[in-house]
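One structure is given here, and the rest of the page talks about it.
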Amino acid sequence: MKKLLAVLAGSAAALLTGCGGGGGGSTQQIAGDSGSTSTLAAYVGTWQSACDNHDRQLLVIAFKNDGSGTLELTPTGETYFKADCSGPVVATDGMSTRITGKPDGTADMLIKLSDNAAATSLRVDKITSSVPAYTFLRAGGTVKYVLREGKQQWCVDVDNGESCMEDDGMHPALSVPAGLSLRGNELYTVMLDKGAYVLDMHYVKK
């Protein structure tokens with residue numbers, strides 16, 4: 001059972017899978033090096049994860065329009081008919097509200113970028129990630145809202161079966177420590193998990 005969970009708004013283990021490995025030998029870029037007056041300006045844009053068995057996650061990052069320097073993060077999940085994420089998107093998953101990321105300084109951290117890799121030193125722009133009470137949504141022309149195993153689910157046909165996501169209703173508001181780091185055109189999101197920062201997701205610039 002797959003479920004789109006909020007990027008930077010829940011535990012790392014609960015996020016939609018699809019983290020990729022780090023690009024070996026690349027030179028790390030610190031966000032403030034972009035020449036912008038804001039140290040977070042280099043993160044603005046659309047980022048995408050690697051394909052993971054029909055699924056790809058997108059993350060759109062922008063600044064709030066209130067001049068505070070706080071980021072707005074909008075995660076969405078795309079489900080493709082084919083397992084290699086080619087062909088049409090048959091379902092789009094999202095949240096009912098945006099996530100905000102309030103700047104909280106920078107720190108050098110040792111982060112494992114893949115399960116079997118040694119920890120890599122990353123310069124991380126820390127943020128406090130917050131989201132009000134929210135629900136998850138799934139849309140698509142062939143998406144069915146059905147009762148399966150006593151639970152309401154959104155299901156859609158794919159080339160080797162069916163992709164379903166449970167509707168768990170309203171989720172409580174959250175506020176958690178998190179962070180962003182750039183290496184070239186690669187974005188790593190990290191989260192505080194059991195007292196230590198760990199890799200959340202890996203994206204490339206779209």
task = Would you be able to say whether some residue in region 190-197 is among the charged types (D, E, K, R), farther than 30 Å from THR106 by Cα and out of contact with any strand residue (DSSP E or B) (no Cβ under 7 Å at 6 or more places or on another chain)?
result = no
query = When GLU166 is evaluated against the numbered criteria (1) over 21 Å from ALA50 (Cβ atoms); (2) crowded, with 18+ Cβ neighbours inside 10 Å, which criterion, by number, is the only one it fails?
reply = (2)
ask   = How many of the residues making up region 87-117 are farther than 14 Å from THR189 by Cα, out of contact with any strand residue (DSSP E or B) (no Cβ under 7 Å at 6 or more places or on another chain) and among the small types (Gly, Ala, Ser)?
value = 1
query = Does ASN65 qualify as being over 28 Å from LEU174 (Cα atoms) and either modelled with pLDDT of 80 or more or surrounded by 18 or more Cβ atoms within 10 Å (Cβ to Cβ) (or both)?
reply = no
request  = Check whether at least one residue in region 111-119 is in contact (Cβ under 8 Å) with a residue 60 or more places away in the chain, crowded, with 19+ Cβ neighbours inside 10 Å and farther than 19 Å from GLU78 by Cβ, and report yes or no.
outcome  = yes
message = Here is a check on your reading of the model: is THR120 among the polar types (S, T, N, Q), closer than 17 Å to LEU187 by Cβ and at pLDDT below 90?
response = yes
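The values are calculated or read from the model by the stated rules, or taken from the named source; none is laboratory data. The shown structure was predicted, so the numbers you read here are calculated from the model rather than taken from an experiment. Reconstructed Cβ throughout: ideal geometry from the backbone, glycine too, with neighbour counts over all protein chains shown.
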